[in-house]
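Student: Sharing a structure, written as structure tokens. Questions coming.
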């Protein structure tokens, strides 16, 4: 999906091999960056959309995204915003590839899942919601 990816500490830059993927690459590299929590949050939103739920607007530094059962619309937040629509499968696959890129080691992956669980519990006290991707997420 991406021809090159660079990691410099916690800064990641991705260059898509298809110009249509620029908004998705911006969301990954600028908004998710090198932190597993927003990446796992995005995967959770994909699974919720697959289950028929609309996420509302997920807004970060460079993009906003709306996860719906019929796909994900990512809007860049630059001076001339551009909206691009992606399938849920396309976004899910990009997020999984990015997950493996960010966390090549099992220890980093497990730590990211623990951090996501901590933040999820803080935002949803008492909720019993294991991450829906744990059954297929490479740990």
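The values are calculated or read from the model by the stated rules, or taken from the named source; none is laboratory data. The shown structure was predicted, so the numbers you read here are calculated from the model rather than taken from an experiment. Using ideal geometry, Cβ is built from the backbone for each residue, glycine included, and neighbour counts are taken over all protein chains shown.
Student: Quick one: which of 132, 125 is over 28 Å from residue 19 (Cβ atoms), exposed (fewer than 13 other Cβ atoms within 10 Å of the Cβ) and either out of contact with any helix residue (DSSP H, G or I) (no Cβ under 6 Å at 6 or more places or on another chain) or modelled with pLDDT under 90 (or both)?
Tutor: Sole residue among the options that is over 28 Å from residue 19 (Cβ atoms), exposed (fewer than 13 other Cβ atoms within 10 Å of the Cβ) and either out of contact with any helix residue (DSSP H, G or I) (no Cβ under 6 Å at 6 or more places or on another chain) or modelled with pLDDT under 90 (or both): 125.
Student: Right, something else. Of these, 50, 83, 66, which one is within 22 Å of residue 18 (Cβ to Cβ), modelled with pLDDT of 90 or more and surrounded by fewer than 15 Cβ atoms within 10 Å (Cβ to Cβ)?
Tutor: Of the residues listed, the single one that is within 22 Å of residue 18 (Cβ to Cβ), modelled with pLDDT of 90 or more and surrounded by fewer than 15 Cβ atoms within 10 Å (Cβ to Cβ) is 83.
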